[in-house]
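A short worksheet on the structure shown next.
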Amino acid sequence: MIDKVFDVTALGELLMDMTPYGISKQGNNLLEANPGGAPCNVLSMVSKLGGKTAFIGKVGKDQFGHMLEETLAAQNINTEGLIKDPEYLTTLAFVHLDSRGERSFSFYRKPGADMMLEKQEINQDLIKQARIFHFGTLSMTNEPVLSATMFAIDLAMENGCMISFDPNIRPLLWDSLENAKMQMEYGFSKCHILKISEEEIQLATGISDSHKAAQDLRNSFPNIKLIFVTAGEKGSTFYYNNIKRKVAPFLHDKTIDTTGAGDAFMGSCLYELAKSGLDSLDEEKLYEITRFANAAASLVITKKGALKVMPHRQAVEAFIQKYDS
């Protein structure tokens, strides 16, 4: 039996989020290069809470790629599975923020280095040694990374990992929403832990009521043991066995950038689940996990970027205490 060294190993995209940063003296828009990519944002949150993490993916052998590698190392994320491609450039995501901090994206990714990961390049030990293997759909939009992702999932299952899935759908990156739905269903069929937004679960099931949609997923994919449905300022809901409970959000007026909210939520949950497992959870434990995750998500949106601004436990606990007082 291989020792489980890592709490969470994730595979997927690592990129630069180019985030608005005001106006120059010449009247030009300024952009800040914020390291990002949902899987690594999740790992950063796990690491900030004290967990051990590893990343598998590909960046360009360019300035941004080197910066991203240094950033992962600074966040205590193992980089042995990070490949630097000499031919393809690091993917860029241009983040557009509205007056409420809500974001939309434009991608420079045709192709980006993250899409070019091949299954033979995967560091298999990082998966075999993980308690949880985490993935999303941005590594399922194109080949060869689609096949690499499927290979990694199968390897994780063979080695007794808990499988975690966050669809994180970005419609602009798909040739059709039907293809996106097909890959979401593939993810549903493999995972034990599912984090999904209210919009995504409605897209996946065609059911407008997210509670009914969650039940439909549980009936269709009995391998899913735990579902978190996130709904932004409406909070989140967890589903486990016959338990369903909505958990209130932490609302405030200090939102700057919502980019990392879902990833802070997921990282907080995975840190706890890596310790507890999935077999003997109760409602109060799940409530505690979800409320902390809601708080982490609410705290991270007060800063720009995601990967480098995930909060430590003490900051989240202080935020909860202040909010409750």
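Only the coordinates and a few stated rules stand behind these numbers; no lab work does. Remember, predicted model here, so these are calculated numbers, not experimental data. Please note: Cβ atoms are built from the backbone with ideal geometry, for glycine as well, and neighbour counts cover all protein chains shown.
Annotation: peptides 188-195, 55-62, ranked by per-residue average of other Cβ atoms within 10 Å with the highest first, follow the order 55-62, 188-195.
Set against the labelled values (1) 45, 26, 16; (2) 86, 24, 19; (3) 27, 25, 20, semi-axes √(5λ) of the Cα gyration tensor in Å computed from this structure falls on (3).
Adding -39500 (n - 2.57) for every DSSP H run of four residues or longer, then dividing by how many residues the chain holds, sets the calculated 222 nm ellipticity at -11500 deg cm²/dmol. As a proxy for reagent exposure, PHE165, PHE133, PHE64, PHE221 were ordered by neighbouring Cβ count within 10 angstrom, fewest first; the result is PHE221, PHE64, PHE165, PHE133. Positive end of the dipole of segment 1-96 (Cβ unit charges, origin at the Cα centre): among GLN63, HIS96, LEU82, the Cα lying farthest that way belongs to HIS96.
Setting aside same-chain residues fewer than 8 positions from LYS4, which aspartates and glutamates have a Cα under 15 Å from its Cα? Within the straight-line limit of under 15 Å, LYS4 reaches these aspartates and glutamates: ASP125, GLU158.
Find the Cα radius of gyration of segment 93-220, compare it with 2.2 N^0.38 Å by division, and give the number to two decimals. Please report the intermediate quantities before stating the final value.
On the way: Rg = 15.6 Å, N = 128, 2.2 N^0.38 = 13.9 Å.
In units of the 2.2 N^0.38 Å rule of thumb, it is 1.12.
In this label model, LYS285 and ASP253 are separated by 4.1 nm, measuring between points 7 Å along each Cα→Cβ vector. Among the trypsin sites (Lys or Arg not before Pro) found in segment 230-325, those both in a DSSP coil and sparsely packed, with 10 or fewer other Cβ atoms within 10 Å of their Cβ, are LYS254. The listed peptides 18-30, 82-94, ordered by packing as a protection proxy, come out as 82-94, 18-30 (highest mean of other Cβ atoms within 10 Å first). Bridge orientation summary for the chain: considering DSSP beta bridges with both residues in this region, about 45 percent are antiparallel.
Remark: C-alpha extents of segment 8-68 on the principal axes read 45, 28, 14 Å, sorted largest to smallest. Neighbours of CYS40, meaning other residues whose beta-carbon lies under 9 angstrom from its beta-carbon, give a summed charge of -2 when Lys and Arg score +1 and Asp and Glu score -1.
For segment 211-325, what log10 I(q)/I(0) values come out of the Debye formula at q = 0.10, 0.12, 0.15 1/Å, with one point per alpha carbon and no solvent? Log10 I(q)/I(0), no solvent term: -0.30, -0.43, -0.66.
The slack in the chain from LEU30 to PHE94, taken as 0.36 nm per residue of separation less the alpha-carbon distance, amounts to 21.9 nm. Take the Cα of ASN219, step 7 Å toward its Cβ, do the same at SER106, and the gap between the two points is 4.4 nm. Against the empirical 2.2 N^0.38 Å (N residues), segment 23-120 has a Cα radius of gyration ratio of 1.20. The alpha carbon centroids of segment 203-267 and segment 120-181 are separated by 20 Å.
By a straight-distance test (C-alpha under 22 Å), which lysines pair with LYS181 as possible cross-link partners, with residues fewer than eight away in the same chain excluded? Answer for LYS181, where 22 Å is the Cα cut-off: LYS110, LYS190, LYS195, LYS212, LYS225, listed by chain and number. Placing +1 on the Cβ of every Lys and Arg and -1 on the Cβ of every Asp and Glu, with nothing else charged, gives the chain a dipole about its Cα centre of roughly 600 debye. Of the residues GLY187, THR237, GLY305, the one whose Cα sits farthest toward the positive end of the charge dipole of segment 168-325, with +1 on the Cβ of Lys and Arg and -1 on the Cβ of Asp and Glu, is GLY305.
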